[in-house]
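Report on the following structure.
The values are calculated or read from the model by the stated rules, or taken from the named source; none is laboratory data. The structure displayed is predicted, hence computed values, not measured ones. Here the Cβ positions follow ideal geometry from the backbone for every residue, glycine too, while neighbour counts run over all protein chains shown.
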Amino acid sequence: MASDDRTMPLTGHLEELRWRLIKSLVAIGVAFFPAYLFAEVLFDFLIAPLPRATHNPLHLIGTGVTEAFFTKLKVSFIAALFLATPVVLYQVWQFVAPGLYAHEKRYVWPFMIFGSLFFLLGAGFCYAVVLPVAYTFFIEEYETIGVQPTLRISEYLTFTARMLLAFGVTFELPILAFFFSRVGIVTYKTLLSLFRYAILAIFILAAILTPGPDVASQLLLAGPLILLYGVSIGVAFVFGKEKAAQ
């Protein structure tokens, strides 16, 4: 472990964290401008799963003078988060790197590459599989009470963005399990012993990340997250530090 990390006071860690957050926000801000140029294309991409969820025509509406403008800003910001993912992951790694040994710091590039890949895979899984199922379920609920749905743009984008980001983050679990087990921070035994608590935490997290009190959207997130936790246990077992030593 680096000597400067052992002697760094709490205020030093907080200052380091502040600068890492600032650099991440700058990266997101830089990515925002090219994303804004393609805001219309990105908006069409985000609403593409919606027509497939119903056989009847379904319209998105705006209810405010500035809603279209802020919709483009929101879409651009979502895209910027995805574009800046490698930089954000790099800043996360640089924040924890002082506490690692020299041979452990070499994992930075695999962490960035596979972390970004799994983040995109999670969002892609949500876009292609989860969102069509979710939209179909919620729209059919309108049909059961005989109401023709008309959705606000802002509410639709809020739900879509939160689901995409939530699945992107949850798909990072196997990556985190790999690197944390390789450096000896966690083991598969630790993850197994925490399984019951993890399930509780997963459902709490799903309730926070998914809007509204409905159980369906929470299960759509909690189910894959529990599965990914199980995959993380397997990853820690295969690639953990104890296994590597053997």
Handout entry: Matching residues in segment 185-217 - criterion: being at pLDDT below 75 and in a helix (DSSP H, G or I)
Key = 205, 206, 207, 208, 209, 215, 216, 217
Problem - Criterion (at pLDDT 85 or above, surrounded by 18 or more Cβ atoms within 10 Å (Cβ to Cβ) and in contact with a Pro (Cβ under 8 Å, 6 or more places away or on another chain)) met by exactly one of 127, 135 - result: 127
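Condition check: in a helix (DSSP H, G or I) and over 15 Å from residue 45 (Cα atoms). Does residue 147 satisfy that?
no
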Practice task
Inspect all residues belonging to segment 33-42 and state whether any of them is modelled with pLDDT of 90 or more, β-branched (Val, Ile, Thr), in contact with a helix residue (DSSP H, G or I) (Cβ under 6 Å, 6 or more places away or on another chain) and not in a strand (DSSP E or B).
Solution key: no
Exercise for the section: May I ask you to list the residues in segment 48-95 that are of a type in the set (A, V, I, L, M, F, W, C) and at pLDDT below 85? Expected result: 48, 50, 53, 58, 60, 61, 65, 92, 93, 95
Handout entry: One residue from 172, 143 being without any contact (Cβ under 8 Å) to a residue 60 or more places away in the chain, surrounded by fewer than 17 Cβ atoms within 10 Å (Cβ to Cβ) and either touching a helix residue (DSSP H, G or I) at 6+ places or on another chain (Cβ under 8 Å) or over 22 Å from residue 75 (Cα atoms) (or both)
Key = 143
Practice task
Six or more apart or on different chains, Cβ under 8 Å: which pairs go from a residue in segment 13-24 that's assigned by TED's automatic domain parsing to the domain that holds residue 91 to one that's assigned to a helix (DSSP H, G or I) and at pLDDT 85 or above? Could you list them?
Solution key: 20/91; 21/91; 23/87; 23/91; 24/87; 24/88; 24/91
Practice task
Collect the residues in segment 133-186 that are of a type in the set (D, E, K, R) and more than 28 Å from residue 235 (Cβ to Cβ), keeping them in residue-number order.
Solution key: 140, 141, 143, 152, 155
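Hey, does segment 150-165 have a residue that's charged (D, E, K, R), assigned to a helix (DSSP H, G or I) and assigned by TED's automatic domain parsing to the domain that holds residue 76?
Yes, some residue in segment 150-165 is charged (D, E, K, R), assigned to a helix (DSSP H, G or I) and assigned by TED's automatic domain parsing to the domain that holds residue 76.
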